[in-house]
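The values are calculated or read from the model by the stated rules, or taken from the named source; none is laboratory data. Being a predicted model, the structure only gives us computed values, none of them experimental. We place every Cβ from the backbone using ideal geometry, glycine too, and count neighbours over all the protein chains shown. Each accessible area value is taken on the protein alone, full model and side chains, heavy atoms only, with ligands, DNA and RNA left out. Shrake-Rupley method; radii C 1.70, N 1.55, O 1.52, S 1.80 Å.
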Amino acid sequence: MSMKGKVAVITGASSGIGAAAARVFAEAGATLVLTGRDEARGKAVLAALPKSAEAAFVAGDVKDRAFCDRLIEDARTRHGRIDALVNNAGIIKRSDALGTSDEDWLESMAVNVNAVFYLSRAAVRVMKAQGKGAIVNVSSEWGLVGGKGHVAYCTSKGAVINLTRAMALDHAGDGIRINAVCPGEVNTPMLQSGLKRRGFEIESGLKELGKSVPLGRVSEPEEIGRLILFLASDDSSYMAGSIVAIDGGNTAR
């Protein structure tokens, strides 16, 4: 899969799946515009990319619609086009409805849903003008099925799935392909924080969690990154509105 000569914007790129996607895209030859809230971690991601990579990190908060619009416009101005947008930024609030504050609910929707809409809307304007583009939204297996004690997260990730489908139908005729990936258990800081919250050491927690997965293990972020790359590349040229589970078999049950 080659992204040589193509420009990709990746959100939530300072850690986890976003950082892994940045590495995978860079290895495929993409020119990258990365974003996240933590500039220091973003610079560390840039430093870990191949020396040949052309990449920039822009610190900002995707909850801010103005920042989302500016990020896309600046990428277009700098590089002349945007071939792929990866909406990866996300947060998780761990509670049932009674334990979810209004603030936690609204922040979940702001990061996990609103930002995906703002960035996708801005990217579609650019991609429609150039006649081609791909958007990959990172949802979750918990957008496909429920997860106990994570009502805001599950709701927001389910919304991403139907946003993907609706926008895919709206813009397929514009040459824009919009798809979503639904990761299961992935060895990211987000997952590790959940293990610590439950009293696990990281290594033993990953092994224990892996026992619940049909494939018998937790995935690594690069495995998700490679699927995102496929959906962003021309190799997936006949895919639009697809919701692709990458969960070790969890949702097959």
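When the helices of the chain are scored as -39500 (n - 2.57) per DSSP H run of n ≥ 4 and the total is divided over every residue, the value at 222 nm lands at -14000 deg cm²/dmol.
With the other protein chains left in place, how much accessible area per residue, in square angstrom, belongs to region 93-157 at a 1.4 angstrom probe? Dividing the accessible area of region 93-157 by its residue count gives 44 Å². Here region 1-76 has 47 percent of its accessible surface on carbon and sulfur atoms, given a 1.4 Å probe and all protein chains in place. Projecting the Cα positions of A84, S95, C68 onto the charge dipole of region 64-104 (unit charges on Cβ atoms of Lys, Arg, Asp and Glu, taken about the Cα centre) puts A84 furthest along the positive direction.
Counting protein heavy atoms only, region 92-193 has 55 percent of its accessible area on carbon and sulfur, 1.4 angstrom probe. Note on K93: lysines with a C-alpha under 29 Å away, same-chain residues under 8 apart excluded, are K43, K63, K148, K157, K196, K207, K211. Is the shape of region 71-201 rounded, prolate or oblate, going by the alpha carbon gyration tensor and its root eigenvalues a ≥ b ≥ c, with a/c under 1.5 for rounded and a/b larger than b/c for prolate? Prolate is the answer for region 71-201, as a/c is 1.5 or above and a/b outweighs b/c.
Farthest towards the positive end of the charge dipole of region 63-215, among the residues G147, G175, A123, is the Cα of G175, using unit charges on the Cβ of Lys, Arg, Asp and Glu.
Accessible-area rank, largest first, for T77, T35, T155: T77, T155, T35, with all protein chains present and a 1.4 angstrom probe. Taking only the alpha carbons of region 138-201, we obtain Rg and Dmax values of 14.8, 50 Å in that order. For region 1-152, what does the alpha-carbon gyration tensor say about shape, rounded, prolate or oblate, given a ≥ b ≥ c as the root eigenvalues, a/c under 1.5 as rounded, and a/b over b/c as prolate? Prolate, because a/c is 1.5 or more and a/b exceeds b/c.
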